[in-house]
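Here's the structure we're looking at; comments come further down.
What follows draws every value from the coordinates through simple rules; no lab data is involved. Values in this document were obtained by computation on a predicted structure and should not be read as measured data. We place every Cβ from the backbone using ideal geometry, glycine too, and count neighbours over all the protein chains shown.
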């Protein structure tokens, strides 16, 4: 019989981390599932490590060459047989009730193609914090929830890949955009958000552990600011003017500042004003991104952050 839920985990050269992720899926309170680990390219060590997991629900898909995170997820979707699908990054893990609570929310949803997210625990060198700090307001555009800020602190609005639970049918209709080194989850959610039968809802409990070790290299942390700029310019039609300016000022600018591209200070600011609708807070944060070092900002984030607790209300 086909499983109820398919879980897709892309990975490459992180055998111990992905094994931890797999074990967190196999320990879910819902057992009617399959785990599809997509090894994104040549990587014998991961296959050897996963072969030690003796569970028939685990499947390994070996790609002959790397397709990137989005391509690996699409490959996993193509192999999945469940009615529902969930994604887990190889360096994250789930708490045991994650799928049970999301499935209940999905079945109770008013939408035929619901996307169910949840809170997460961000585990960092500065401590543990629960995100998001709020859920979208009624009538708030998804792009503003994801990309803009109404406060100084990080994590006000957040939907992270390891929290996404939805119908397999939706991923078959709208696959992940391949070739993007960054912003893959935002890109997919903004594209499906325009569909009338799709709605994004939240389980208030923190059900994912998101490991935010600052020195761990990843594609998203090493890509340059031009990649982010090109992505938002190409997708300006999917976001509001406020979200467009906020992305330039709070996502692109910090990367440019980190790379000491001071010549971009005025051009990025000019485009934010010309095509967007920045608020006073955006200008203040923009200056901070250029004048305060990344390490100092992270230290301040740790001091100002909200320690771990479940978010029970919007």
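Based on Cα contacts under 8 Å between residues 6+ apart, the chain shows a relative contact order of 20 percent. Translational diffusion coefficient of region 1-91 (Stokes-Einstein, Kirkwood radius from Cα pairs, 25 °C, 0.890 mPa s): 192 µm²/s.
The equivalent ellipsoid that matches the C-alpha gyration tensor of the chain spans semi-axes of 32, 22, 19 angstrom, in descending order. Take every DSSP beta bridge whose two residues both sit in the chain; close to 30 percent of them are antiparallel. For region 1-67 and region 102-142, what is the separation of their Cα centres, given in Å? With region 1-67 and region 102-142 each reduced to a Cα centre, they are spaced 24 Å. Relative contact order of region 130-281, taken over Cα pairs closer than 8 Å and 6 or more residues apart, is 25 percent.
When each of the peptides 150-160, 31-41 is scored by the mean number of other C-beta atoms lying within 10 Å of its residues, the order from highest to lowest reads 31-41, 150-160. Gain on full extension, evaluated as 0.36 nm per residue between residue 265 and residue 280 minus their Cα-Cα distance, stands at 3.7 nm. Its relative contact order, with pairs defined as Cα atoms under 8 Å and 6+ residues apart, puts region 1-91 at 46 percent. To the nearest 10 degrees, how steeply does helix 68-79 sit against the main Cα axis of the chain, on a 0 to 90 scale? Between helix and principal axis, roughly 30 degrees. Spin-label model, residue 29/residue 140: points 7 Å from Cα along the beta carbon direction are separated by 2.8 nm. Give the angle, between 0 and 90 degrees and rounded to the nearest 10, that separates the Cα long axis of helix 98-107 from the longest principal axis of the Cα atoms of the chain. So the helix axis and the longest Cα principal axis differ by about 80 degrees. A straight chain from residue 110 to residue 16 at 0.36 nm per residue would run longer than the Cα-Cα distance by 29.9 nm. Taking R0 as 35 Å, what's the FRET efficiency between residue 45 and residue 258 from their Cβ-Cβ distance, rounded to 0.05? Rounded to the nearest 0.05, the efficiency is 0.65.
Rounding to the nearest 10 and keeping the result within 0 to 90°, find how far the Cα-based axis of helix 280-291 lies from the longest principal axis of the chain. Tilt relative to the chain: about 90 degrees. Rg and Dmax of region 222-293, based on Cα coordinates, read 11.1, 32 Å. Between residue 197 and residue 292, the FRET efficiency from the beta-carbon distance, with R0 = 41 Å, is close to 0.40.
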